[in-house]
Structure formats: C-alpha cells, structure tokens
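A short worksheet on the structure shown next.
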Amino acid sequence: MNQPHAHLIWTDDETPIARAFDDPYYSLANGLAETRYVFLDGNDLPARFFPAFEIAELGFGTGLSFLTAWQAWDRSGHAGTLHFTSFEAFPMSPADTARALAPFAELRSYADTLVNWLQDPFMPIAPNVSLTICQGDARRTVPAWDGQADAWFLDGFSPAKNPELWEADLMKAVGTKTAPAGTFATYTAAGHVRQKLADAGFDVQRIKGFGRKRHMSIGTKP
Ligand SMILES: C[S@@+](CC[C@H](N)C(=O)[O-])C[C@H]1O[C@@H](n2cnc3c(N)ncnc32)[C@H](O)[C@@H]1O
C-alpha cells in the first residue's frame, strides 16, 4: 500500500466510521440487506449478469459491496469471470477490513479470502472473479481508467460530507465509462446528484429507498 490507511472510529455495535468524513461505511442496521437492495437490485442484478460482466464502484471501503456482488455471481452459476473495479482514495488496512466484515457471518469465507488478497493483491482473488482496486482520488483515476462498466455502484459517503465523490465532472466520467445499456445505482436521491447523472447521459429514476429511507436513485445509459 503506497498510501496511508483510513483512520476509523468504531461504534459500540462495531460499525466503522471514517474519521475524516464522520460518516459510517455501511448502514448501522442491516448493512448486507441494504447493500443487496441498493446495489444489486438497483442494477437489476443478478438478472443482468453475463460472462465477463464488469462492475465498477466509487469507494471500496470495507469491501462489503464487492463481497455481496461476488456471492451473487457465484450463486448465479455464470461461467466466465466477474470483473470488479473499485476506486478508493483511503484504503482500509487488512486488519480493519477483517474487523469490519466480521459481523457478516454468511460472507465469512469471502471475507477471509479478501483479507488475504489485500496483503498480496497481485494474485487473482478467485478463478472466476477479478478484483482491481485503483488507489487514488477517483476524480483522477476514473477518467484515466480504460474500462467500461456494465453496472456502477456509486457509494461515496453522503454528498454533504464527501462532495468530491459526487462532483459533476466525476459523474460525467462515470457516464463516459459506462457501456451501452449500462446502469448505476446509489443510495442517495439528492436532487443535485440526480441532475449531474442526468447531465452525464443517464436516464435517471428516483425509486423507493431501503427500509425507512424514502428514496434512492438508479439510472440507465440509453
Ligand atoms: C461509504 S464508503 C464505501 C463503502 C464500501 N462500498 C463498502 O462496501 O464498505 C465511501 C468510500 O469512499 C472513499 N472515498 C472518499 N473520497 C474519495 C475520493 N475522492 N476518491 C476515491 N475514494 C474516495 C472513502 O475512503 C470510503 O472508503
């Protein structure tokens, strides 16, 4: 790792909070169900999976969204490889990653594999999954990426606390780096975020959010 690790605070229920953003990495209650609802259902996955499907993500954090996608890929029984590329400026240490993922018992074997891989990220993580974490500020690394995502997980901290990850130019780069008929999903329904994603070329929809959250956003590139 050529960058300092994220500094965390742990709540009494073991939820990690990023000190620099004063925001939790996942929902305090039912993080796994929310991740499935927002990012899998929001991108119509696993229904849209096909061999060599490419997911891209803003904010790798604990890796929970990645593990959720990986488990869904395994369960879907698809042949071929799932490609997952995540853009992360402040990577968590392997020890903090292990601690953050410990509550998700059904993902234990995936989490163990990820924590080992983080210590030697030049090996393939699994025969049917390729994981790439692009370290650095996403405003620089996304425009420089030579991939095209079939689905985006837009998972910055809240737009009020982490405005850098929701800037118009970055949303434009996300649009450019989306394959035809590709999609995005995000937990936020902030009007300025939806407008930026519409300006980036997506047909944007506001839909029911997870649990007690009123709304979230999804979109498709025509
Ligand atoms: C809500 S967390 C992501 C949670 C993650 N998807 C998970 O499954 O745990 C937001 C992430 O965005 C990262 N981040 C914040 N600003 C960034 C930037 N400018 N470029 C890249 N990553 C950034 C943070 O370090 C943090 O890991």
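Values in this text are rule-based calculations from the coordinates and carry no lab data. Keep in mind it's a predicted model, so treat the numbers as computed, not measured. Cβ: placed from backbone, ideal geometry, glycine included. Neighbour counts: every protein chain shown.
The Cα center of region 189-222 and the Cα center of region 51-96 differ in position by 22 Å. Once you sort the root eigenvalues of the Cα gyration tensor of the chain as a ≥ b ≥ c, which label holds: rounded (a/c under 1.5), prolate (a/b larger than b/c) or oblate (the other case)? Verdict is rounded for the chain. Shape of region 6-119 from its Cα gyration tensor (a ≥ b ≥ c, root eigenvalues): rounded if a/c is under 1.5, otherwise prolate when a/b > b/c, or oblate? Note, shape of region 6-119 comes out prolate. Normalised by the number of residues in region 23-156, the mean separation of alpha-carbon contacts (under 8 Å, six or more apart) gives a relative contact order of 33 percent.
When Asp199, Asp41, Asp146 are sorted by how many other C-beta atoms sit within 10 angstrom of their C-beta, beginning with the fewest, the order is Asp146, Asp199, Asp41. The antiparallel fraction among DSSP beta bridges confined to the chain stands at about 45%. The ranking of Trp152, Trp73 from fewest to most other beta carbons within 10 Å of each one's beta carbon is Trp73, Trp152. Here is the list for region 93-184: GluC sites (Glu not before Pro) lying in DSSP coil, each with at most 16 other C-beta atoms within 10 angstrom of its C-beta, are Glu167. Panel order for His7, His78, by other beta carbons found within 10 Å of each beta carbon, from fewest to most: His7, His78.
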